[in-house]
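Comments concern the structure below.
The values are calculated or read from the model by the stated rules, or taken from the named source; none is laboratory data. Everything numeric in this text was worked out from a predicted model, so none of it was measured. No Cβ is skipped: glycine too gets one built from the backbone with ideal geometry, and neighbour counts run over all protein chains shown. Heads up: the accessible areas ignore ligands, DNA and RNA and are worked out on the full protein's heavy atoms, side chains in. Shrake-Rupley method; radii C 1.70, N 1.55, O 1.52, S 1.80 Å.
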Amino acid sequence: MIIGIVGKPNVGKSAFFRSLTLADAESGNFPFTTIDPNSAIGYVKIKDPAVEFGKHSNPRDGYVLGDWRFAPIEIIDVAGLVPGASEGKGLGNKFLDDLRQADALIHVIDLSGATNEKGESIEINTYEPRKDIKFLEEELDQWFFNIIERNWGNIGKKIKMQDMKIEIALVEVLSGLKISENQILQALADLKLDKTNVGDNLFELSKRLREISKPMIIAANKCDVLMEDNSWKGKVEELKKEFPNYIIIPVMAEYEFNLKKAAKSGILKYIPGEESFEIIKEDKLNDGQKKGLEIIRVATKNLGNTGVQECLNAAVFEQLKLKPIFPGGASKLEDSKGNVLPDCFLMEEKATALDFAFRLHTDFGKHFIKAIDVKTKMMVGKDHSLKFGDIVEIISGK
């Protein structure tokens with residue numbers, strides 16, 4: 001699973017990427033700073049299930065802070081899009097092609113309205129950020145449409161002459177966009193399309209496929225610029241009213257990055273996604289840094305948190321509807337090396353005990369006997385639907 005960070009240049013997109021991953025992505029105050037997609041690991045935040053047993057887990061991948069567990073997710077920061085990219089403007093389709101591998105997108109916009117449509121810096125509140133949401137939708141819809149229309153001659157022949165199912169013919173062309181047969185079937189059903197009318201509704205199909213296959217979170221960045229008069233609140237509410245189908249989260253990416261860097265250096269204690277932090281090495285800070293941290297403290301209290309962690313969690317758990325499942329034993333949570341719940345698997349929304357058995361090992365699935373819900377100690381069957389944060393022991397034969 002890959003989450004793509006998208007948006008036009010100069011909106012703080014690379015800062016958002018760095019705040020998620022602490023990667024050294026190049027960033028700057030001019031268009032096209034990022035030329036190639038940067039890839040790094042970010043972490044979704046989950047309640048540590050071991051806490052219910054009076055313990056803390058020892059992740060094989062990821063880490064634990066307090067009572068929270070952070071599981072790794074691959075993040076890509078794609079070069080800034082500009083209007084007309086689907087027609088080759090800016091760096092053109094290279095940007096769009098970089099998005100092929102993404103399962104969900106986080107669209108970073110400049111809520112302060114200080115970046116024009118070309119990604120150039122302008123005065124605060126002189127550009128409407130709502131335009132960025134519209135333009136990205138249009139560019140991605142046009143990109144999908146261009147691909148389908150370009151190949152429709154061959155697709156149409158297969159559907160008519162070879163009596164091939166629409167979803168089969170389309171998936172051959174769209175698999176490179178990480179679009180599955182089930183997603184195509186969903187789009188066709190939503191639009192009530194079949195062999196008789198699909199060819200006349202290719203753009204509508206393209207748009208629906210984009211919505212299904214590349215679900216998007218809106219990260220309303222640079223709220224810190226609007227903190228003095230609290231105008232960020234009204235701006236976010238306006239966007240939510242105009243775009244009710246999107247999850248829109250107020251964000252302060254630079255503040256998150258500063259907090260994580262300070263925490264990494266041991267200056268303060270900070271759990272990503274929390275409202276507060278604790279300075280533990282005040283003697284290491286100069287007056288300017290102390291003042292800066294106090295500004296961040298007031299801002300995060302006002303906003304609730306920096307919004308960065310909330311965006312990633314929303315993309316993974318609300319948009320992609322994944323759920324963390326932990327393999328563990330009913331008699332003990334430790335593995336043979338004494339590590340508590342070392343593994344975490346992000347499973348699909350409808351995953352069952354049998355699905356989890358196959359995810360652990362093919363033989364576990366083939367020889368599945370039963371599973372045990374470690375939290376309740378109840379035995380469950382193969383069709384048992386797993387819940388968010390379940391700890392499961394799989395019992396299989398040989």
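Values computed for the structure shown
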item: Residues located in the range 181-230, provided they are open to solvent by 10 Å² or more (accessible area, probe 1.4 Å), touching a residue at least 24 places away in the same chain (Cβ under 8 Å) and of a type in the set (Gly, Ala, Ser); result: Gly199
item: First in the range 369-391 and closer than 19 Å to Lys332 by Cβ, second anywhere and in a loop (DSSP other than H, G, I, E, B) and among the β-branched types (Val, Ile, Thr), Cβ under 9 Å, 6 or more apart; result: Asp390/Val374; Ile391/Val374
item: Helices (runs of 4 or more DSSP H) fully within the range 152-260 counting 2 or more residues that are at pLDDT 95 or above and in contact with a helix residue (DSSP H, G or I) (Cβ under 7 Å, 6 or more places away or on another chain); result: 181-191, 202-213, 231-242
item: Residues of the range 150-194 satisfying the condition of being farther than 19 Å from Met216 by Cβ and touching a Ser or Thr at 6+ places or on another chain (Cβ under 8 Å); result: Val171
item: Subset tally (residues that are in a helix (DSSP H, G or I) and not acidic (Asp, Glu)) for the range 117-148; result: 14
item: Spans of helices (runs of 4 or more DSSP H) in the range 285-398 with at least 2 residues under 30 Å from Ile76 (Cβ atoms), of a type outside the set (Ser, Thr, Tyr) and open to solvent by 50 Å² or more (accessible area, probe 1.4 Å); result: 353-360
item: Filtered residues of the range 245-274 (kept if open to solvent by less than 20 Å² (accessible area, probe 1.4 Å), under 14 Å from Gln289 (Cα atoms) and either over 22 Å from the mean Cα position of the chain (by Cα) or hydroxyl-bearing (Ser, Thr, Tyr) (or both)); result: Ala262, Leu268
item: Enumeration of residues in the range 126-145 that are farther than 25 Å from Leu177 by Cβ and either in contact (Cβ under 8 Å) with a residue 40 or more places away in the chain or open to solvent by less than 60 Å² (accessible area, probe 1.4 Å) (or both); result: Tyr127, Pro129, Arg130
item: Gly156, sole failed condition from (1) open to solvent by 80 Å² or more (accessible area, probe 1.4 Å); (2) farther than 27 Å from Glu318 by Cβ; result: (1)
